[in-house]
Amino acid sequence: MGTVTIGVSIAVPEPHGSLLQQLRAGFGDAAAHGIPTHVTLVPPTEVEDTALPAIEAHLTEVAAAGRPFPMKLSGTGTFRPVSPVVFVQVAEGAEACTWLQKQVRDASGPVARELQFPYHPHVTVAHGIDDEAMDRAYEELGDFTAEWPCTGFALYEQGADGVWRKLREYAFGGIVVPPQGSAPVESRSFPRP
């Protein structure tokens, strides 16, 4: 019996995910290649490896109750000076991400944990690098945009090599979001707590 470090997140799909990962590496963030581009729902959390089946069952239930929603990334932001992070902002889908992370971190569930900072959905593009490189990331990605229908999330485990690997994907149990610009098939909002 031992411990593993897990995280739960929404992957940024291709081609956007690889592009942002390459840019993050280009800004000098050494961790970039070991971290798939994502919006965090549960930050790195150490758990007993024996808890994984209960965690997976809980995530299956959360996903079944979730519904697809539109995601849009647009522009940059930063947590400096509190935390050395530059990020791409979640311009659409933030409310759904906030609801989802609360369900995943439910106090009665196996992934219950307190957060170090208030939850703010974002996509990190620079972390812990020198200020000049952070400024460059902030400026160069200021007009970045990406849109996609978010249809689920995934459970990741951090290996001993520091690389995050996907363990399992969880698809939402609802309707598929129609392509942007077309009329919705059914008017359904994301579930509320």
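What pairs come up if the first residue lies in the range 124-153 and is surrounded by fewer than 21 Cβ atoms within 10 Å (Cβ to Cβ), the second is of a type in the set (K, R), and their beta carbons are under 8 Å apart, counting only those six or more places apart or on different chains? So the pair list comes out as T145/K72; A146/K72; E147/K72. The criterion of being exposed (fewer than 14 other Cβ atoms within 10 Å of the Cβ) and closer than 23 Å to E147 by Cβ does not hold for S83.
Out of A31, A64, A25, A96, report the one residue that is in contact (Cβ under 8 Å) with a residue 40 or more places away in the chain, of a type outside the set (D, E) and farther than 22 Å from C150 by Cα. After ruling out the rest, the residue left standing is A31. Would you mind stating whether A112 is surrounded by fewer than 16 Cβ atoms within 10 Å (Cβ to Cβ), without any contact (Cβ under 8 Å) to a residue 40 or more places away in the chain and not aromatic (F, W, Y)? Here the answer is yes, as A112 does meet what is asked. Scanning the range 110-143 for residues that are touching a Gly at 6+ places or on another chain (Cβ under 9 Å), closer than 21 Å to A94 by Cα and part of a loop (DSSP other than H, G, I, E, B) yields a total of 5.
Could you say which residue among T37, T60, T98 is at pLDDT below 95 and more than 20 Å from E132 (Cα to Cα)?
Working: T37 fails: at pLDDT below 95; T98 fails: at pLDDT below 95.
Just a single option satisfies the conditions, and that option is T60.
Working carefully through the options K102, K72, find the one that is surrounded by fewer than 19 Cβ atoms within 10 Å (Cβ to Cβ) and within 21 Å of G17 (Cβ to Cβ). Break it down into steps so the answer makes sense when it comes.
Numbers: K102 fails: within 21 Å of G17 (Cβ to Cβ).
So the residue among K102, K72 that is surrounded by fewer than 19 Cβ atoms within 10 Å (Cβ to Cβ) and within 21 Å of G17 (Cβ to Cβ) is K72.
Within the range 8-30, is there a residue that is loosely packed, with under 14 Cβ neighbours inside 10 Å, in contact with a Phe, Trp or Tyr (Cβ under 9 Å, 6 or more places away or on another chain) and over 17 Å from Y138 (Cβ atoms)? For the range 8-30, residues loosely packed, with under 14 Cβ neighbours inside 10 Å, in contact with a Phe, Trp or Tyr (Cβ under 9 Å, 6 or more places away or on another chain) and over 17 Å from Y138 (Cβ atoms): absent.
Within the range 175-188, is even one residue of a type in the set (S, T, Y) and modelled with pLDDT of 85 or more? No, there is no match, as no residue in the range 175-188 is of a type in the set (S, T, Y) and modelled with pLDDT of 85 or more.
The values are calculated or read from the model by the stated rules, or taken from the named source; none is laboratory data. Everything numeric here is computed off the predicted structure, so don't read it as measured data. In this analysis, Cβ positions are derived from the backbone assuming ideal geometry, glycine residues included, and neighbour counts consider all displayed protein chains.
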